[in-house]
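S.K.: Following this message is one structure expressed as structure tokens.
The values are calculated or read from the model by the stated rules, or taken from the named source; none is laboratory data. Computed from a predicted structure; not experimentally measured. All Cβ positions, even for glycine, are placed from backbone atoms using ideal geometry, and neighbour counts span all protein chains on display. With ligands, DNA and RNA removed, areas are computed over all heavy atoms of the protein, side chains included. Shrake-Rupley method; radii C 1.70, N 1.55, O 1.52, S 1.80 Å.
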Amino acid sequence: MTETDVIIIGAGASGLMCAIEAGKRGRQVMVLDHANKAGKKILMSGGGRCNFTNYAIDPDNFISNNPHFCKSALSRYSQWDFLALIARYQIPFHERDHGQLFCNDSAKDILNMLLAECAQVGVVVQLNTHIDGIQQLANRFHLKTDHGDFSSQSLVVATGGLSIPKMGATPLGYKIAQQFGINVLPTRAGLVPFTLQPEDKDQFSPLSGIAVPCVVSNKRQSFNENVLFTHRGLSGPAVLQISSYWRAGEDVVINLLPQLNLETELKFKRRQKLKNTLKTILDGYLPKRLIGCLLSDDLLSISLQDLSDRQIQQIAEQLHNWIIKPNGTEGYRTAEVTVGGVDCDALSSKTMECKKVQGLYFVGEVVDVTGWLGGYNFQWAWSSAWCAGQYV
Ligand SMILES: Cc1cc2nc3c(=O)[nH]c(=O)nc-3n(C[C@H](O)[C@H](O)[C@H](O)COP(=O)(O)OP(=O)(O)OC[C@H]3O[C@@H](n4cnc5c(N)ncnc54)[C@H](O)[C@@H]3O)c2cc1C
């Protein structure tokens, strides 16, 4: 039996951050992971450059059944704190749209930094270790693994969400919660492309590769970003963002011309006596192939002068309020995150410890806090794990 102060399950973003902080306090820390490598998701994130945080972190950029829960952790360990760590390691980075911060060179810089910090404070990271069972006996946690038995005073569950099972995602964290009587809210794939109904798929798959700046909305949220047509359906940042707010069976509304009031524009051009066809005019605003898919050839060949007010209104309505009912999403196979998870109401927002089970902590994506696209999910991993690291 190996005895230690703290066992952390999961050597990902949150597990490593929690280990560093606990190690700095002089706690003996072991991180166990079934994968053959630590931080696999860090390495694949941000197209290999890891969008590690965002200049504009705000609680409104997070989805949770308890929207207040994330506030304390995000303010106690903020993006500026993580940037100070990055600065200490002189990791070069750059800003992209919406304050998103990426490594200049490689996501490896972030992982190497975390592992170096772990090594400095004597954290033991043990990979290829499968957890077979957990018990709490006399205020200690006992873990059975295929590498022997371990016991600790504190147990931190940092097993992440369900996305990309090929990278090692498992439901272990949710199972541990359930075993200890902790509520787990239903989970679903987030930041994930939509698949289309068969007839829409046939109609739009020839547009694969086209990206259009749009506003994509549902009754909960609205995002002004690109929509990308793919062979399977719709992707691009606007679609990934709204997918986290989408429930099966719902519509989404896409404004294909958010910068323009098309009705006013067409009526203005008609008053100017422009004789162009509708097609020629719309070609100035949207990709030709997209227009051809959305409006009939008969309509497109009408001269602007011959379009009635009613027709102009209908065309504007169609392009400003294009309604799509997705067939579903691509699911956990390609999702970046899992929405839902361990109920925040069961945890202390200050320490991430379970209110009902002393010594048991949940951090990172396994908790019901899901960030927007743009570095928010890593910031939640750093912030929640830092908080737990002060107490485990
Ligand atoms: C393709 C992709 C790109 C992404 N890009 C970004 C980005 O650029 N910016 C951003 O903010 N977020 C991004 N994310 C989301 C981000 O990676 C996660 O939110 C973040 O990694 C969560 O950290 P975590 O520590 O909670 O979980 P993870 O980093 O997923 O770590 C969980 C760890 O637990 C281990 N584990 C799981 N089950 C078991 C088990 N049964 N036994 C033992 N160990 C187990 C796993 O092997 C893993 O090492 C991306 C996600 C994906 C999939």
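S.K.: For L290, only one of the following conditions fails: (1) in contact (Cβ under 8 Å) with a residue 60 or more places away in the chain; (2) surrounded by fewer than 16 Cβ atoms within 10 Å (Cβ to Cβ). What is its number?
M.R.: Among (1) in contact (Cβ under 8 Å) with a residue 60 or more places away in the chain; (2) surrounded by fewer than 16 Cβ atoms within 10 Å (Cβ to Cβ), the lone unmet condition for L290 is (2).
S.K.: For segment 56-69, how many residues are touching a strand residue (DSSP E or B) at 6+ places or on another chain (Cβ under 8 Å) and away from the ligand (no atom under 13 Å from the Cβ)?
M.R.: So the answer is 3.
S.K.: Can you tell me which residues in segment 100-131 are of a type in the set (S, T, N, Q) and either under 23 Å from the mean Cα position of the chain (by Cα) or surrounded by 15 or more Cβ atoms within 10 Å (Cβ to Cβ) (or both)?
M.R.: Within segment 100-131, Q100, N104, S106, N112, Q126, T129 meet the criteria.
For (1) in contact (Cβ under 8 Å) with a residue 12 or more places away in the chain; (2) over 23 Å from T53 (Cβ atoms); (3) more than 10 Å from the ligand (Cβ to nearest atom); (4) surrounded by 24 or more Cβ atoms within 10 Å (Cβ to Cβ), each residue gets a yes or a no:
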| site | (1), (2), (3), (4) |
| --- | --- |
| G331 | yes, yes, yes, no |
| V337 | yes, no, no, yes |
| S348 | no, yes, yes, no |
| V363 | yes, no, no, yes |
| V367 | yes, no, no, yes |
| W372 | yes, no, no, yes |
| S383 | yes, no, yes, yes |
| C387 | yes, no, yes, yes |
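S.K.: Let me ask another. Here are G209, G181: which of them is out of contact with any Lys or Arg (no Cβ under 6 Å at 6 or more places or on another chain), under 30 Å from Y285 (Cα atoms) and open to solvent by 30 Å² or more (accessible area, probe 1.4 Å)?
M.R.: Within the list G209, G181, the selection yields G209.
S.K.: Could you grab me the full set of residues in segment 53-99 that are in a loop (DSSP other than H, G, I, E, B), open to solvent by less than 50 Å² (accessible area, probe 1.4 Å), under 20 Å from A238 (Cα atoms) and among the aliphatic types (A, V, I, L, M)?
M.R.: Answer for segment 53-99, where residues must be in a loop (DSSP other than H, G, I, E, B), open to solvent by less than 50 Å² (accessible area, probe 1.4 Å), under 20 Å from A238 (Cα atoms) and among the aliphatic types (A, V, I, L, M): just I57.
S.K.: Could you please give the count of residues in segment 3-52 that are surrounded by fewer than 24 Cβ atoms within 10 Å (Cβ to Cβ), small (G, A, S) and more than 6 Å from the ligand (Cβ to nearest atom)?
M.R.: Final tally of qualifying residues: 5.
S.K.: Here is a further query. Would you check which residues across segment 244-272 are open to solvent by 40 Å² or more (accessible area, probe 1.4 Å) and in contact with a Ser or Thr (Cβ under 9 Å, 6 or more places away or on another chain) and list them?
M.R.: Matches in segment 244-272: A248, V253.
S.K.: Residue pairs, Cβ under 7 Å, 6 or more apart or interchain, first in segment 47-61 and over 13 Å from I86 (Cβ atoms), second more than 13 Å from the ligand (Cβ to nearest atom) and open to solvent by 60 Å² or more (accessible area, probe 1.4 Å). List them.
M.R.: P59/P67; P59/K71
S.K.: To continue, here is another question. From the list A158, A138, A116, which one is within 15 Å of W382 (Cβ to Cβ) and either at pLDDT below 95 or not charged (D, E, K, R) (or both)?
M.R.: None of the others qualify; the one that does is A158.
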